[in-house]
Each structure stands twice: as C-alpha cells, then as structure tokens.
Amino acid sequence: MKFWLKDNRSFILFLCCFGGFSLGRGRLEPNPVGLHASDVVGGRCGGGRAGRAAARGLLLRPKTACAGSIAWSNFKRFHTRANMKSTVTRQATLADLDALVELMDGYRQFYGQTSDPVAARRFLLDRFNHGESVIFLASQDGIPVGFTQLYPSFSSVSLARIFVLNDLYVNEQGRRNGVGRALISAAIEFAKTVGAVRLTLSTAVTNLSAQSLYSDMGWVKEDDFYFYRWATTA
C-alpha cells in the first residue's frame with residue numbers, strides 16, 4: 001500500500017505482510033520526539049469513556065468505531081518501513097520481559113519517576129500473569145525501541161468492550177522513524193480484531209507533538225466531558 005510523504009513530493013511504496021490485516025492508506029511522516037500517552041489509570045468507564053484520565057490530560061478516541069470477531073490469540077505481526085529502517089511490531093509475550101523492563105523504566109523516567117527496573121519488572125510480570133493488559137513491542141533491526149500497553153475495559157452504555165491505550169513510548173534510538181505510528185496502528189488493528197468498539201487515550205495538554213500525531217491518525221479530542229480522579233495514597 002502507498003504512504004504519501006506529507007509534502008506530497010514523492011511517495012514510498014510499502015508492502016506490509018501481517019496475516020491478512022490492512023492498514024489502509026495514509027500519510028507517512030517522522031515520529032516526533034516525545035510521543036508518550038500520559039498515564040491513565042484504567043478503571044470504570046462511565047458512558048463508555050475512559051475511566052480516570054490524567055487530571056490535565058486530553059481524552060481522545062479514533063474516528064472510526066472498531067468492529068471484529070473475538071480473537072485474543074494469533075494476532076499477526078506486521079512490518080512497515082520508515083526512513084529506510086525496518087520496524088517490526090508484534091504482540092509481546094513473557095519472553096520479551098527483559099526488553100519491556102528497560103523500555104518501561106525509560107518511560108517512567110520520562111514522567112519524572114526514579115529509575116526502578118525491579119519495580120517495573122514486578123509490575124509487568126503481574127500484568128502478564130493475570131492477563132490484565134495487552135502489550136505491543138516495536139523493534140528496528142532486531143533491537144526493541146518502543147512499546148504500547150492497552151488496558152481492557154467495558155462500556156456499560158454500549159454494552160461492549162473498549163481499550164484504554166495507557167502507555168506509549170519510543171526511546172531515543174527509535175524516534176523520528178514512524179515507530180509511534182506503527183504501535184498505534186497495531187493497537188487499533190488488535191482492537192478491531194477482538195471486537196472492541198473504541199480505544200481511548202489521554203495526553204498532556206503541553207504534548208503538542210503527540211496531539212499532532214493522534215489527530216493525523218484520525219483520533220478525535222473529547223470536549224464534552226470533565227474527568228476526575230481520586231488518589232487513594234498520599
């Protein structure tokens with residue numbers, strides 16, 4: 001399928017092989033620095049919206065509702081090419097724990113947390129052991145460079161499954177190569193496959209580069225709701 005460069009001066013032809021899925025047509029541009037979804041605490045989603053969003057975040061959802069059959073397994077990897085680097089994005093497994101720990105630790109440091117790979121490992125291991133999240137891992141030339149983590153939830157109004165795109169991180173090595181876009185695309189295709197009606201995410205109001213990417217990919221900013229949170233710890 002063809003991805004036109006944003007200035008429309010040329011195009012790059014991509015052949016994507018990912019188990020029969022189709023990403024459709026769109027523009028290709030470098031992944032801006034700092035494409036990180038702000039931390040959203042997964043929880044009850046009143047009215048089908050994401051639960052407790054970050055207090056200063058923006059909540060977004062894709063323009064097109066997701067539809068598809070329930071199929072939690074056998075999600076196929078897909079390949080893209082960006083800036084002459086091959087990006088492989090696939091659903092992570094427990095065997096990827098070491099790579100995910102390093103990325104998660106970098107992600108938390110980006111948000112001002114002290115480096116703690118032991119705690120990151122324990123947190124990720126709990127998610128795997130209890131089936132509480134879906135993680136996609138992006139690699140370039142065999143080296144892990146980014147991940148996104150989805151938390152499953154439900155909409156009582158829609159009587160359907162939804163996902164909170166809680167975490168999105170690309171390290172320095174993988175930035176400006178379309179990795180963030182590839183991870184989001186993987187999340188959207190997965191949500192369609194399992195029959196979710198939508199995904200939601202929040203991002204800091206100051207994270208203009210991330211907002212630009214989300215808008216470019218068809219996410220819609222919610223303006224009709226206020227979101228609150230209650231901290232149970234000091």
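Bear in mind that the values in this text are calculations on the coordinates, not laboratory data. Every value quoted in this text rests on a predicted model; they were computed, and no experiment measured them. Neighbour counts run over all protein chains shown; Cβ positions are idealised from the backbone, glycine included.
Observations on the model:
- Taking other C-beta atoms within 10 Å as the exposure proxy, Val157, Val134 rank Val157, Val134 from fewest upward.
- Computed magnitude of the charge dipole of region 150-207 (debye, nearest 20; Cβ of K, R +1, Cβ of D, E -1): 140 debye
- Cα-Cα pairs of region 110-216 separated by more than 19 Å (percent): 52 percent
- Ranked by the mean number of other Cβ atoms within 10 Å of their residues, highest first, the peptides 95-105, 115-125, 182-192 come out as 182-192, 95-105, 115-125.
- Residue (of Ala204, Ser158, Gln173) at the positive-pole extreme of region 144-226, dipole from beta-carbon charges: Gln173
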